[in-house]
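The values are calculated or read from the model by the stated rules, or taken from the named source; none is laboratory data. Values in this document were obtained by computation on a predicted structure and should not be read as measured data. Glycine gets a Cβ as well: all are built from the backbone with ideal geometry, and neighbour counts include every protein chain shown.
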């Protein structure tokens, strides 16, 4: 793959493992997985989205079943520690695959993207002095699937899946008995949540952190707001969207909403994106800012003619 200025780069780091996905316009994406201590490297041009499930397990999303040539969203788990070849392939290097519920015949899946933040092995900064932090096991995978309707309009749906749901199946797989297909009925309805996608950015990717998610609420008749979803175990609200899929899901979550400062208070237009931190939300207007710390411990601003951001507890 030739490096160009029109390249998107997605990085995931965990322990000794670095995963880099190179996405170039009008070219096939390429994933490079590298153990920087052993220099062992794998690559693949069959993977367009991934996250680290553990320090050696990749969670990969696809919308096309290569064997049947039918659009069929699925999640593959690849074990890089067991692959003996440099080239990773979905057909030969996966240990299990998670199925999706069947989509309505009126739509056709066209794209899938997986997001998750904080790496599996991340530890809190001891110098931060915070009394607590998000537990390692509190990781949420957000799988966004774009579907094309009959009128060629594309809409997207978010599948929220906790890491412990997916990981509970991998160690339980019988060893050396081939690859395993886990149907949606077995893993999805009892521990996930399907919602029509609220607005979230394709550029500022940190809208999910730990088990929390944030999105902006845009309304032409009201003040702009932010909505935060929390998928901790002690939350109790159950909501499912049945526009495209009719399967019931049962992952509880809490909703916190807030009204954002009016545009005039910052001298800028309304915010365009939001990112989630451990205990804060970062609001962004514009792109490619240069970060400058603000004296206040609860706020910082992006110093740029085209970008402004504030951070507040949420």
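General observations
- Matching residues, region 96-121, being crowded, with 16+ Cβ neighbours inside 10 Å, modelled with pLDDT under 90 and over 30 Å from residue 150 (Cα atoms): 116, 117, 118, 119, 120
- Within region 16-45, the set of residues being within 19 Å of the chain's Cα centre (by Cα) and touching a residue at least 24 places away in the same chain (Cβ under 8 Å) comprises 17, 19, 21, 23, 30, 31, 33.
- Qualifying residues in region 45-55 (those that are surrounded by fewer than 22 Cβ atoms within 10 Å (Cβ to Cβ) and more than 13 Å from residue 32 (Cα to Cα)) - the one modelled with the lowest pLDDT: 55
- Filter result for residue 220 (closer than 18 Å to residue 259 by Cα and at pLDDT 65 or above): no
- Residues of region 59-80 include at least one that is in contact (Cβ under 8 Å) with a residue 24 or more places away in the chain, over 24 Å from residue 140 (Cα atoms), out of contact with any strand residue (DSSP E or B) (no Cβ under 9 Å at 6 or more places or on another chain) and loosely packed, with under 15 Cβ neighbours inside 10 Å.
- Scanning region 231-277 for residues that are outside any loop (DSSP other than H, G, I, E, B), closer than 27 Å to residue 99 by Cβ and modelled with pLDDT of 65 or more yields a total of 1.
- Whichever residue in region 4-24 is exposed (fewer than 12 other Cβ atoms within 10 Å of the Cβ) and touching a strand residue (DSSP E or B) at 6+ places or on another chain (Cβ under 8 Å) and, among such residues, is nearest to residue 52 (Cα to Cα): 11
- Of the strands (runs of 3 or more DSSP E) that lie entirely inside region 1-90, those containing 1 or more residues that are within 19 Å of residue 163 (Cβ to Cβ) span 7-14, 17-24, 30-35, 50-52, 57-65, 70-79.
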